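Everything below concerns the one structure shown next.
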Amino acid sequence: MAARKQPNHTPDIRAKIQASQLVNMLNELALTGLYQGVQVSPERIKAAQILLAKALPDLKAIDHTGTVAHTFPGVHIHPPGG
């Protein structure tokens, strides 16, 4: 097997791995009520949620104002009300 070009994970990759572990834990808790067969305290669940909020962007609704103009060859798109 060839040697890895980068022997250690970058901090960015390490953070993504840790975030995926938190997602997996919360997912298992949501589906079964247990994590690896053990009851998890509410404090630990809240801590996981806080860490996950720091690692992943919060997906909030975006209110778009303005117009978007797209041009596609051979396709004519008319804006609503126009």
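Checking each residue in the stretch 35-60 for being assigned to a loop (DSSP other than H, G, I, E, B), modelled with pLDDT of 80 or more and not small (Gly, Ala, Ser) picks out Gln36, Gln39, Val40. If you go through the stretch 18-42 and pick out every residue that is in contact (Cβ under 8 Å) with a residue 24 or more places away in the chain and more than 18 Å from Ala55 (Cβ to Cβ), you end up with 0. Scanning the stretch 12-31 for any residue that is outside any helix (DSSP H, G or I) and at pLDDT below 90 turns up nothing.
The set of residues in the stretch 22-44 being surrounded by 11 or more Cβ atoms within 10 Å (Cβ to Cβ) and under 17 Å from the mean Cα position of the chain (by Cα) consists of Leu22, Val23, Asn24, Met25, Leu26, Asn27, Glu28. Based on this model, can you work out whether Asp63 counts as within 18 Å of the chain's Cα centre (by Cα), assigned to a loop (DSSP other than H, G, I, E, B), without any contact (Cβ under 8 Å) to a residue 24 or more places away in the chain and surrounded by fewer than 10 Cβ atoms within 10 Å (Cβ to Cβ)? So Asp63 does not fit the description; no.
The values are calculated or read from the model by the stated rules, or taken from the named source; none is laboratory data. Note that the structure is predicted; figures quoted are calculated from it, not measured. When we count neighbours, we look across all protein chains shown, and the Cβ atoms used for this are built from the backbone with ideal geometry, even at glycine.
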